[in-house]
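The next block holds one structure in the form of structure tokens; read it before the comments.
The values are calculated or read from the model by the stated rules, or taken from the named source; none is laboratory data. Everything numeric in this text was worked out from a predicted model, so none of it was measured. Cβ placement follows ideal geometry from the backbone for every residue including glycine, while neighbour counts extend to all protein chains displayed.
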Ligand SMILES: Nc1ncnc2c1ncn2[C@@H]1O[C@H](COP(=O)(O)O)[C@@H](O)[C@H]1O
Ligand SMILES: Nc1ncnc2c1ncn2[C@@H]1O[C@H](COP(=O)(O)O)[C@@H](O)[C@H]1O
Ligand SMILES: Nc1ncnc2c1ncn2[C@@H]1O[C@H](COP(=O)(O)O)[C@@H](O)[C@H]1O
Ligand code: NA
Ligand code: NA
Ligand code: NA
């Protein structure tokens, strides 16, 4: 089946930043995104878990966005601006899709 | 360590379709799959969140399936049939695994 | 934007093994990891779902770890030791990151 | 009657719904976790089911019960055809969207059922316990009516009503728990009720407040997203259709000879629109329909309308037409 | 006795378990969110722990208490060896699977404990509060017995019982909450109970119904998956083993001189099989064992057997042998 | 007084908190699912809000009420400046971390509020219902104070306090539910309370025990992670600062002429530090601050200190200074 190359952007960041990251993604005119939960983790200095937490202050969350290679630079620019002072990072990887027009 | 190339298929689709997608995957004789939650998202016309939802009608969900390249076309054929009228999409990417025989 | 190649390791394993896998990751000196939930799945002999479960005995869970290619072999060695007798598997894929120094 | 409306308006339940709406409009991050929302829905269905069953155990099966279940099934099946015709005449919704919306309005809203029974209890007006079974019986015929309509109007899809789909609809979780709890209530009767009273009766208003807070949040967020799809005629439908459905139910209630309380409940059931069982079924059966339209109408307009204006009105009407 | 069995059969709790089973067999999508299932389990353990502690505060520590805890530990440790021998003689399970199953049957099921105490309360038969502590003490010895058996029979793995593993077992969440709540109940006594009664006592039957609904769903889905692994002899084991364990407990209860109620509870504990604490421990300790076998047996066969037939039987036996 | 402290120490609530702490230190896998923790927090805020409102409905609005709300706002705004100065003088925390911690100590802890009112009820000392509104009013001024401090001390960031941020703070979920439930309690008064009593009053101690068990687990795990950041002077701050804040509150309470109970509550509010509303706001406003420091201090040191020693002390002081 014919497939077309796109980029998958994974943004992992602190949950309180959610609204800001989403605003940036919309500015970058991505066709969509999906938010996926993270339930625990460890970084450079300490580990955390979502269990028993009553606020989102100490949680990380992940946003996946499938997008065209042409939009990646814009997207990185705006998203990195939002997480520059905060805990968070971005990975970019290659994926193929079947219906390229929707991304 | 010696690794072997496989394909990772990510299917993102509306939760009410779950049983149908799973039936298609089983038809395509994949060795297994894992369902991962999505808690919020935005697509071409509106955003949604799982918070406070009492039914799965407005939720998306993601299925990850590691499989051999030889099975990808069959798998795409059957899965795309199930989601053609619905909201959903598929991405394919390259992964390496250590124990190739199990996929 | 300049990006740098790293490896993404996905480890899918039985939830009761969590502490052991984490210990192995720390031995392998990875810079961090994130635990992501899996809510249902099927493998070579049966399907499972997290719904209604009171213990973690029948659940799978996923750990994502972004790391440098140089650390992958060590990491695989120690993690595969922990899951050799158990249900679980590892995939390795290529990703790019913007701030290479943190991984 | 104005008194009653006002009193209902200021009940904690309605106020918690309003709080949820306001919080959503103010873009507050207040939210109820998904697992909790599902627990609350499960609890409400279990509680009303059990109570209905326990009352039937008390009063026994009657001809009236059977007749009312029959009337409910008829209403659930017929209302979608009326709704569809009305939508196609007065709005610019396409056939598929109109069929999906019609399916929602044929089915019922369990929470609206709870609300009317709550007001009746406050007013010391009795109603028959078996109406829970009527509510359960009204959940699904509308889904099949919507499918028939869509079939006639649009090309059939392979994802339509086959055996699997019928099983999925019939054993839908909300119906299983409602009817299952009804059956358990009917079997264990007053002795079961005695054991479970603190959970099933005493906790009910509190859990209902939490649930309505959540529904307010969901409805508010839905309205903010969905209002774009809702033209004035479509919005008008969401208020007129309950009145039409309610009028049909009133006619049948007179025929059967229901009491004032039971008449009010049957009218309310017919006037309410589903947002638990039907939406997911419509995603399977009519995937081309835009789910935001039906949900915005049923949860964002018809539900608050019934809560604030409809219920007092239906009770007043029932008081006139029933004996 | 037949009366009692029948009465238990028609209690709301048993009926909700049956509803869950039926819903699972009918492939209904009814489900209880994972977080809610965990809340219900947490609540049940907390509630029975606290109640046991509050009663011990009332009646004080006795020699009998110590003797019964000792008997419980002995039973939990010995039963796995018998179960293992029986499984290896009568079934074709391999050594690892047999050891894992044996571990489940040595340990106890908190919900079966709750069920027997519920029936005793209905029958106005008293039992000793400290049996909660006995239950907690019986959770883990079986795990170590299973490990010893597996060690003897199979090559040791590096993932076996080291310090970490022992800590994981000893501070397992279900034991910590059961014993912790027991301790708090014992410290705060009747004054603590007065404050917490509406939560801990009054809500109990309702939460238990929800929990058993969930257990029915899980057991039903487990049976559909797991029946393939269950041969007739293996299924027979799941009914015979409780009777053997129960008989041993009955003998010890006579020796200690327990009352009718306490005898019935000790028999039930010995006759029940774990599905909360042990499964996860066995995944760590005996990874090569197929988890579906033990879970299908304990939750899908032994638990319903005890609920419907075992408990009335154990009470009847206790009535004959105790004074 | 020692008696009272001891009595509080042995209340089920405090003991469940201790159980959580111990379980965390023992590395038990006991845990409360996130969705349940959020339900418990939602319930506690709803319950105390509604009760406060229902009491204000009973007693009416007074000048004292307005004065006390004003005092609360003042305390919440002023305490961070004092806390910041103290931290910078006595510890080696950097300006940003010190500002973030200061923000936590200006704001309040709803659970500490609950704890003091619980003890007052046990001692039959009355306090004013409107103190719930005071608590709500004290949640946010501290956040703005912390921002002002950080602005003065550090370079401003683009992620600082703009319109969006102010809305996010003002419509923070915990404030919306606390004030919303307060308003609903005030509107529906005793009739609302009658309907909701089993849920809002009777369940309260039980839910609070579960919540404190969870807080103990979270605090214990937080302490294990966070102690590295906590030098002796920083830890001392977490005990001295409540006493300073409490002293200020005592002075204002005398000025306003509050009753013994209300004085004790106002002191406790001032002496408590936030761990629900403020931490997330600080992540947005002061991203460079290390979140582990403030959370370890407020939940791991100040909260247990207040629970065990502070509250009995504040009540004793209130008994001397108020009439
Ligand atoms: N190398 C990594 N791979 C995956 N997740 C990571 C990695 N490093 C950090 N994280 C996640 O990001 C969070 C914050 O990390 P840090 O910024 O290093 O404190 C961690 O708790 C993890 O959830
Ligand atoms: N480009 C994308 N990347 C990731 N997820 C997406 C993307 N587009 C859509 N989605 C997900 O699919 C859902 C439906 O999208 P749509 O079909 O465009 O309405 C969204 O709500 C997202 O959860
Ligand atoms: N090919 C696969 N792709 C994704 N997940 C899988 C795959 N195979 C197995 N899994 C996951 O691993 C679990 C155990 O599989 P197994 O070891 O084959 O019994 C399944 O229940 C799935 O959650
Ligand atoms: Na209707
Ligand atoms: Na046993
Ligand atoms: Na304070």
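So here's what we get for this one:
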read-out: Identity of the residue in region D:145-164, touching a helix residue (DSSP H, G or I) at 6+ places or on another chain (Cβ under 7 Å) and modelled with pLDDT under 80, that ends up nearest to the other protein chains (Cβ to nearest Cβ); value: D:159
read-out: Qualifying residue in region C:19-32 (condition: more than 7 Å from every other protein chain (Cβ to nearest Cβ), under 22 Å from residue B:102 (Cα atoms) and modelled with pLDDT of 90 or more); value: yes
read-out: Condition check for residue E:74: closer than 30 Å to residue E:148 by Cα, away from ligand 1 (no atom under 16 Å from the Cβ) and surrounded by fewer than 18 Cβ atoms within 10 Å (Cβ to Cβ); value: yes
read-out: Residue among A:75, A:80 that alone is outside any strand (DSSP E or B) and away from chain F (no Cβ under 14 Å); value: A:75
read-out: Residue check, residue E:87 under 19 Å from the mean Cα position of the chain (by Cα) and farther than 24 Å from residue D:184 by Cα; value: no
read-out: Check on residue F:260, modelled with pLDDT of 95 or more, more than 8 Å from chain A (Cβ to nearest Cβ) and surrounded by fewer than 24 Cβ atoms within 10 Å (Cβ to Cβ); value: yes
read-out: Hits in region B:69-85 - residues which are buried (at least 17 other Cβ atoms within 10 Å of the Cβ) and farther than 17 Å from residue B:32 by Cβ; value: B:76, B:80, B:82, B:83
read-out: Filtered residue count, region C:23-38, keeping only those that are surrounded by 18 or more Cβ atoms within 10 Å (Cβ to Cβ) and either more than 16 Å from ligand 1 (Cβ to nearest atom) or in a helix (DSSP H, G or I) (or both); value: 3
read-out: Single residue of F:212, F:201 found to be out of contact with any helix residue (DSSP H, G or I) (no Cβ under 6 Å at 6 or more places or on another chain) and within 14 Å of chain E (Cβ to nearest Cβ); value: F:201
read-out: Scope region C:39-70; condition closer than 19 Å to residue B:66 by Cβ and outside any strand (DSSP E or B); matching residues; value: C:39, C:43, C:44, C:45, C:46, C:59
read-out: Count of region F:21-61 residues which are within 9 Å of chain E (Cβ to nearest Cβ) and assigned to a helix (DSSP H, G or I); value: 6
read-out: Selection count where residues are out of contact with any strand residue (DSSP E or B) (no Cβ under 8 Å at 6 or more places or on another chain) and over 28 Å from residue E:299 (Cβ atoms), scope region C:49-70; value: 1
read-out: Identity of the residue in region B:38-79, at pLDDT below 90 and more than 16 Å from residue B:18 (Cβ to Cβ), that ends up nearest to ligand 5 (Cβ to nearest atom); value: B:46
read-out: Odd one out for residue D:300 among (1) surrounded by 22 or more Cβ atoms within 10 Å (Cβ to Cβ); (2) in contact with a strand residue (DSSP E or B) (Cβ under 9 Å, 6 or more places away or on another chain); value: (2)
read-out: Residue in region E:116-139 that is farther than 28 Å from residue E:318 by Cα and either out of contact with any strand residue (DSSP E or B) (no Cβ under 6 Å at 6 or more places or on another chain) or part of a helix (DSSP H, G or I) (or both) present; value: no
read-out: Subset of region A:86-103 (residues that are part of a loop (DSSP other than H, G, I, E, B) and either within 14 Å of ligand 1 (Cβ to nearest atom) or within 13 Å of chain C (Cβ to nearest Cβ) (or both)); value: A:86, A:87
read-out: Residue match in region E:47-63 (condition: surrounded by 24 or more Cβ atoms within 10 Å (Cβ to Cβ), more than 16 Å from ligand 6 (Cβ to nearest atom) and within 17 Å of residue E:289 (Cα to Cα)); value: no
read-out: Residue D:303 being within 15 Å of ligand 4 (Cβ to nearest atom), assigned to a helix (DSSP H, G or I), within 14 Å of chain B (Cβ to nearest Cβ) and under 18 Å from residue D:108 (Cβ atoms); value: yes
read-out: Options A:6, A:2; residue that is outside any strand (DSSP E or B), in contact (Cβ under 8 Å) with a residue 60 or more places away in the chain and within 13 Å of chain B (Cβ to nearest Cβ); value: A:2
read-out: Cβ pairs under 7 Å, 6+ apart, first in region F:1-12 and at the interface with chain E (Cβ under 10 Å from one of its Cβ atoms) and over 12 Å from residue F:311 (Cβ atoms), second in a helix (DSSP H, G or I) and at pLDDT below 65; value: none
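Condition check ((1) more than 16 Å from ligand 4 (Cβ to nearest atom); (2) away from every other protein chain (no Cβ under 12 Å); (3) under 25 Å from residue D:152 (Cβ atoms)) across all residues:
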position: D:221; (1), (2), (3): yes, no, no
position: D:264; (1), (2), (3): no, yes, no
position: D:280; (1), (2), (3): yes, no, yes
position: D:292; (1), (2), (3): yes, no, yes
position: D:299; (1), (2), (3): no, no, no
position: D:310; (1), (2), (3): no, yes, no
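Yes/no matrix, rows are residues, columns are (1) within 16 Å of ligand 2 (Cβ to nearest atom); (2) touching a residue at least 40 places away in the same chain (Cβ under 8 Å); (3) assigned to a helix (DSSP H, G or I):
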site	(1), (2), (3)
D:66	no, no, yes
D:72	no, yes, yes
D:76	no, yes, yes
D:82	no, yes, yes
D:85	no, no, yes
D:93	no, yes, no
D:96	no, yes, yes
D:105	no, yes, yes
